[in-house]
1. Tell me which residues come under 5 Å, amide H to amide H, from ILE32 once H is placed; ignore anything under 5 positions away on its chain.
2. Return the subset of LYS160/LYS180; LYS130/LYS154; LYS23/LYS184; LYS14/LYS148; LYS27/LYS204 for which the Cα-Cα distance in this structure is over 29 Å, preserving the input order.
3. Along region 28-40, what does the Karplus equation 6.51 cos²θ - 1.76 cosθ + 1.60 (θ = phi - 60°) give for ³J(HN,Hα), rounded to whole Hz, x for Gly and Pro?
4. Using a 4.7 Å Cβ cut-off, which Cys residues in the chain lack a partner cysteine?
5. If amide hydrogens are placed 1.01 Å from N in the peptide plane, which non-local residues have theirs closer than 5 Å to the one on TYR89?
6. Quick check: the distance between the Cα centres of region 135-206 and region 37-52, to the nearest angstrom?
7. Could you rank the peptides 127-134, 26-33 by their average count of other C-beta atoms within 10 Å per residue, with the highest value first?
8. Ordered by residue, what ³J(HN,Hα) values in Hz, to whole numbers, does region 191-207 give under the Karplus form 6.51 cos²θ - 1.76 cosθ + 1.60, where θ = phi - 60° and Gly and Pro are x?
Amino acid sequence: MKIAIIQASSQAGKNEFIYETVKKYAKDSEVINFGCFLDDDIKYSYIDISILVGMLIYSGSVDFVVTGCSSGQGMMLACNNMPGVLCGYAYSPMDAYLFVQINNGNAISLPLGEEYTFSGYDNLESTIAKMFSEPFAQGYPKSEAARKLKDTEKLKTIRKNSQVDMLSLLDTLDEETVQKILGKRDVVEYICSYGTEDIATWIKTKR
């Protein structure tokens with residue numbers, strides 16, 4: 001599995017911790033860190049990042065995204081407006097575990113601005129550890145696993161049928177937003193190198 005790390009600029013100070021913790025517990029995965037970083041020239045809101053999350057997932061460049069903002073809620077809501085993205089919200093280890101086991105989404109949003117004393121970092125590490133403690137999509141509880149996973153696939157089908165495709169959505173964005181998104185060069189270059197040809201072409205025509 002290829003996992004992207006990318007969170008809003010407001011929580012750039014926690015990026016390295018998230019990245020190192022995901023690498024620690026997602027041992028068999030390739031983890032790519034896209035920031036946002038403290039020394040970035042451009043500052044990205046949760047809305048900006050959600051669009052980049054959508055592009056990463058749509059392009060097939062990555063399989064899963066660990067993201068977040070101050071509350072975690074805004075990023076979750078914004079990501080769920082991106083075609084093909086099913087993003088959960090994980091305040092606790094059990095939230096993370098149930099999301100990946102039952103809902104089998106492709107992104108998760110963490111509340112990175114709440115209660116970050118030492119116990120906050122401890123909870124964040126425990127949440128990430130629990131998320132990657134078992135292979136995804138096994139269902140929970142085990143006695144209800146088949147029904148839960150069937151419902152998850154039904155939800156994904158309904159979401160797909162209710163949304164426009166990613167390229168159509170990108171074409172609705174104003175020019176200022178498009179150029180800001182393209183300014184996140186590490187994400188854009190990664191998509192052009194490892195993603196589908198259609199979105200790479202879209203990027204090239206907008207530069």
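1. For ILE32, the qualifying residues are ILE3, ALA4, ILE5.
2. LYS14/LYS148; LYS27/LYS204
3. 9, 10, 8, 10, 10, 9, 9, x, 6, 10, 5, 9, 4
4. CYS36, CYS69, CYS192
5. Under 5 Å from the amide H of TYR89: SER109.
6. That distance is 18 Å.
7. On the way: 127-134: 19.5, 26-33: 15.0.
Per-residue Cβ counts within 10 Å, averaged per peptide and sorted highest first, yield 127-134, 26-33.
8. 4, 5, 7, 10, x, 5, 5, 5, 6, 4, 5, 4, 4, 5, 6, 9, 6
Every number in this text was worked out from the coordinates using simple rules, so none of it is lab data. Since the structure is predicted, the reported quantities are computational estimates derived from the model, not experimental observations. Please note: Cβ atoms are built from the backbone with ideal geometry, for glycine as well, and neighbour counts cover all protein chains shown.
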